[in-house]
Ligand SMILES: [Zn+2]
Ligand SMILES: [Zn+2]
């Protein structure tokens, strides 16, 4: 049974993800519990969920500057950013703070 | 004041001096209350949810209370776009406006608060989102005013204000944009607004004009409603972007007005920006923690590449820098706040297009820095003037009035009647950044006319022409009476 993650998008991020503000996903078995990190999740989201241009979501292996990430309501900068180890039932919020989306 | 960081570093180095013990950081706990685990990292300071929200509210209230130019009991107009920053502004203001339950006799800062939403959908689309913006606005309990941006083409009483239309274009002469006032028009205000924006070529010029129009609509509404204060939701990140963009567009002279926490530059109105030291990240986090819903409105550069306009490119640059250097935004805003210009000098004129100050000698500077062709060419297109009928071509005044057609155009008009319908080159009357908008309009119009495209010519609201005419009138009058004046400084 794969990890279940709740994703939320706002501030214009939803426009990149089929205009959905919320989406619960079950990650495939390639995501090993207690090992898989946010660094693995981002490209998976890009390849499987993103409906618009990838450069508006990611830059290199991380999110584009100006996109705020909250993990279970906490600033991802306090959670190790890309190194954060995904847990079952996590809620991850992506908020665009950019003007020109 | 700004010693939090230094003290935290002292803590990290595990050599706390007695002085800094109060601020000592406890590993794994909020830097402020040292009780709850931190959830937000702002400029390397870690807060728990409660302390974070408190710090935002504290700065907001502090900025309003410190705004000495705002008299107690003032009537306020709040600009509300529906976006994150103005949503937070509305929320904080409605809390701020609540009577203090512990001290019911305490006076409120504002007697009344009105919400003003300028509807830009005629240019940007997104009409379907207007209802949602209204719903959120009305939820606050404040009266909600919906102002369509195209209203800037109407007079205060709602009647048709006519418009300024170009009289021909000349690709070789980019320092001239001749326009004439047409009293009536077959074009609806919406069509005129679209022509103003779409009569420009570069995205930067479009964004600038849209900004000036929106500001104008807000100021008009505030004055009409008898407000003393206009409150804007500009946050620190947005201000830093604006500061850098404005500087690179040659708008440095007006910077003190843009950066001020409160400014009375706008005759009879104080413009306040209480979120000026709250980062856009903080806005987003606060809204998330408080479940404040926002509406995502399209912008001119939505989903466009970063290089599509100066503002957009500046945003990309600044936000990228801010990620690696979290003090960038604050440094830019604080540095700009120290900039002074001569914009308060008596000789400084107001720009009829943006309302900002015009630096003395802008035209001399321009002619020294630009290559301009002085050869005159035949006007290549006059299509817009035809679309706008000039039936009201009559002059209400006698021939002795300065606006009568027999008078030499160079000395026209005291402001005794509506602007004369004589073509006038508007460029010399504008501030440097607005001159650039007109040069863009001229270039774009000339190129389009050459290709036989008729409807690519810019239209401007009548007030631009009215203010130029008034200024010309004042200058003319001043010249006439100059020799009778006694110089105060003598
Ligand atoms: Zn705390
Ligand atoms: Zn201007």
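Cα gyration tensor of region A:4-96, axes a ≥ b ≥ c as square roots of the eigenvalues: rounded (a/c below 1.5), prolate (a/b > b/c) or oblate?
Rounded shape, in that the Cα axes give a/c under 1.5.
Under a plain spin-label model, where a point goes 7 Å from the Cα along Cα-to-Cβ, how far apart in nm are residue B:347 and residue B:61?
Label-label distance for residue B:347 and residue B:61, simple model: 4.7 nm.
Quick one: order B:281, B:32 by neighbouring beta-carbon count within 10 Å, fewest to most.
Ranked by crowding around the Cβ, least crowded first: B:32, B:281.
Once you put a point 7 Å from the Cα of residue B:335 and another 7 Å from the Cα of residue A:4, both along the Cβ direction, what distance in nm separates them?
Modelled inter-label distance: 5.1 nm.
What whole-number distance in Å separates the alpha-carbon centres of region B:316-332 and region B:38-95?
So the two Cα centres are separated by 21 Å.
For a test of the definition: using alpha carbon positions, the gyration tensor, and the 1.5 limit on a/c, classify region B:268-372 as rounded, prolate or oblate.
prolate
Using alpha carbons only, how many angstrom separate the centre of region A:1-68 from the centre of region B:97-146?
Each part's Cα centre sits 35 Å from the other's.
By average Cβ neighbour count within 10 Å, what is the ranking of B:97-106, A:17-26, B:171-180 from highest down? Don't jump to the answer; show the numbers that get you there.
On the way: B:97-106: 8.9, A:17-26: 13.2, B:171-180: 19.8.
Top to bottom by mean Cβ count within 10 Å: B:171-180, A:17-26, B:97-106.
What is the average number of partner chain Cβ atoms found within 10 Å of a Cβ in B:235-246?
Going residue by residue through B:235-246 and averaging, the value is 1.
Averaging sequence separations of C-alpha pairs under 8 Å and six or more residues apart, then dividing by the length of chain A, give the relative contact order as a whole percent.
Once divided by the residue count of chain A, the mean separation gives 40 percent.
Arranged by the count of other C-beta atoms within 10 angstrom, fewest first, what order do B:241, B:197 take?
B:197, B:241
Can you tell me the order of A:54-61, B:255-262 when each peptide is scored by its average per-residue count of other Cβ atoms within 10 angstrom, highest first?
Averaged packing, sorted descending, gives the order B:255-262, A:54-61.
Report the FRET efficiency, 1/(1 + (r/R0)^6), for residue B:103 and residue A:78, where r is their Cβ-Cβ distance and R0 is 60 Å, rounded to 0.05.
With R0 = 60 Å, the Cβ-Cβ based efficiency is 0.95.
Among B:344-350, B:457-463, how do they line up by average Cβ neighbours within 10 Å per residue, starting with the highest?
Result, highest mean Cβ count within 10 Å first: B:457-463, B:344-350.
Under the definition of partner shielding as Cβ atoms of other protein chains within 10 Å of a residue Cβ, what is the mean value for peptide A:85-98?
3
What is the fewest-to-most order of B:81, B:341, A:96 by other Cβ atoms lying within 10 Å of their Cβ?
B:341, B:81, A:96
Quick one: if the Förster radius is 22 Å, what FRET efficiency do residue A:26 and residue A:51 give, using the C-beta to C-beta distance and rounding to 0.05?
Values: r = 19 Å, r/R0 = 0.87.
Computed FRET efficiency for residue A:26 and residue A:51: 0.70.
Can you list the residues of region A:65-101 with backbone N under 18 Å from a point 7 Å past the Cα of residue B:36, pointing along Cα to Cβ?
Answer for this model: A:70-79.
Please compute the average number of Cβ atoms from other chains found within 10 Å of each residue's Cβ in peptide B:312-324.
So the per-residue partner count for this stretch is 3.
From the square roots a ≥ b ≥ c of the eigenvalues of the alpha-carbon gyration tensor of region B:85-133, which class results: rounded (a/c under 1.5), prolate (a/b over b/c), or oblate?
Prolate, because a/c is 1.5 or more and a/b exceeds b/c.
A short reminder: the numbers here are calculations on the coordinates, not readings from a lab. Here the structure is a predicted model, which is why all the values come from computation and not from measurement. Please note: Cβ atoms are built from the backbone with ideal geometry, for glycine as well, and neighbour counts cover all protein chains shown.
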